There are 2 protein chains.
Amino acid sequence: MRVAELSRRTGVSVASIKYYLREGLLPPGERTSPNQASYGEEHVRRLRLVRALIDVGGLSVAGTRDVLAAVDADDVALHHVLGATQDALLGEPAATDDDATERAGKLLDDLVARRGWRVTPTNPGRRAVVEILATSERLGTDVLAGLLDTYAETLEPLARREVGAVVARSDREDVVESAVLGTVLGAGLISALRTMAHESASAELASGAAPPPEG
Amino acid sequence: MRVAELSRRTGVSVASIKYYLREGLLPPGERTSPNQASYGEEHVRRLRLVRALIDVGGLSVAGTRDVLAAVDADDVALHHVLGATQDALLGEPAATDDDATERAGKLLDDLVARRGWRVTPTNPGRRAVVEILATSERLGTDVLAGLLDTYAETLEPLARREVGAVVARSDREDVVESAVLGTVLGAGLISALRTMAHESASAELASGAAPPPEG
DNA sequence: ATAGATGGAGAGTAGAACTATCCGCAGTGG
DNA sequence: CCACTGCGGATAGTTCTACTCTCCATCTAT
């Protein structure tokens, strides 16, 4: 198929498709003559993935390019792809090093040791957690620090199930794509479901702590 | 104190402080003469809150303004503030209405009914969840849909504890600020901790499913 | 043969978040 | 008293991102 059809089938403008081609988010089509090309189903699929990561996952074009490069490099391990995805999702936080940061780092290290988690020192999540805890301390709020253990306890079995669901896939391409989607869309899904659960819990509390509405 | 000191104590440039004043993120200082003003501790605190929401929470300047306006309007209820915060955090997703969206909506409604959650139809999280589920279906992945119940089951007690921790605060100002910080920074914290848990779970699985590293 | 895509490249645009420059007045040290 | 640095307020300029537009020399279908 040609750009016009690719555009029609994905809802992405031809101009944007050309832009994504230039930026390397989309592989070039197969040449049919020196200056004509044709695109296949894999382009449709890839383009939809790109839009999902950008629109729903909130990744930048550059971040998406990096993630997809990791997905395409089929010689790298799954954890590499996940690392790239997490980098794109969490961004590069500014490295400050004050008292609050140090205390936050210690708090997290203790937690990791206590629960026996196996995380590498370069895990992008680690930096992000430390920064958030430090920020929260600087603002004088202890709500998050107080809930840290609860978060870890809750997320541990959840993460196990997520990883289990992803590796259950048959071929590598599928595993990798599921991992990326699960990481990016899953984060959004959890965040959004959490706000729903907040409203529900808050309504419950306000109405006298009677869990189900009727029955 | 005057801008220079406010700038020094918060690490925000004078130019940015002026910008935030113009945009209404920061209330004007107290006039000491027709064209001089002085700022207090509350400005320091507010400015730090602004930077936390923007830098760590990833909110836009406009979103931050809206959230702070809700925080300041002390006649509105807590759930109003939370609604504004969730709006700023989740953004306004494009309203598409195809088969996938409809199925996703049904899937979520069933879940809500099954668990007896009390969420209003206008909850911003609802739109976001539906959009993510629909996107995931369009991409042909069923990983998220399969985990939906697990997510809900996991988040329900977590949300209850979070709401409990927030309302345990004494005065309203404190409750509101904790709620905002808990929502925004908590989302980031969960997301980051989750990636750590993923790495840990993945390492566990790779090394033969022996949960703790040693012992 | 000709009207309408197409590929490729470069320039242009819109929005967000600052950042810089000006100007007239304020407060302060000498 | 007065030079001088700082301040507030307003406007204009900058940088970055993610497109979007315009060309033009083909190519393709009719």
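Structural remarks
- Test result for A:V71, within 13 Å of A:E23 (Cβ to Cβ), out of contact with any Pro (no Cβ under 8 Å at 6 or more places or on another chain), more than 15 Å from DNA strand C (Cβ to nearest atom) and within 14 Å of chain B (Cβ to nearest Cβ): no
- Note on region A:137-147: residues that are at the interface with another protein chain (Cβ under 8 Å from one of its Cβ atoms), part of a helix (DSSP H, G or I) and either modelled with pLDDT under 95 or surrounded by fewer than 21 Cβ atoms within 10 Å (Cβ to Cβ) (or both) amount to 3.
- Taking region B:5-105 as the region of interest, the helices (runs of 4 or more DSSP H) fully inside it that hold 2 or more residues being more than 16 Å from DNA strand D (Cβ to nearest atom) are B:41-51, B:61-72, B:78-90.
- Residue in region B:106-115 that is within 7 Å of chain A (Cβ to nearest Cβ), surrounded by 16 or more Cβ atoms within 10 Å (Cβ to Cβ) and touching a residue at least 12 places away in the same chain (Cβ under 8 Å) present: no
- Only one of the listed residues (A:L49, A:L21) is within 20 Å of the chain's Cα centre (by Cα) and not assigned by TED's automatic domain parsing to the domain that holds A:V167. That residue is A:L49.
- Residue, nearest to B:R51 (Cα to Cα), within region B:1-17, restricted to residues that are within 9 Å of DNA strand C (Cβ to nearest atom) and loosely packed, with under 13 Cβ neighbours inside 10 Å: B:S13
- Residue within region A:92-99 that is more than 11 Å from every other protein chain (Cβ to nearest Cβ) and within 16 Å of DNA strand C (Cβ to nearest atom) present: yes
- Across region B:148-174, the qualifying residues are those that are farther than 17 Å from A:S207 by Cα and assigned to a loop (DSSP other than H, G, I, E, B), and the one among them that is nearest to the other protein chains (Cβ to nearest Cβ) is B:R169.
- Residue among A:T195, A:T96 that alone is more than 21 Å from the chain's Cα centre (by Cα) and closer than 28 Å to B:D174 by Cα: A:T96
The values are calculated or read from the model by the stated rules, or taken from the named source; none is laboratory data. These figures come from a predicted structure and were not determined experimentally. So basically every Cβ, Gly included, is an ideal-geometry build from the backbone, and we count neighbours across all protein chains shown.
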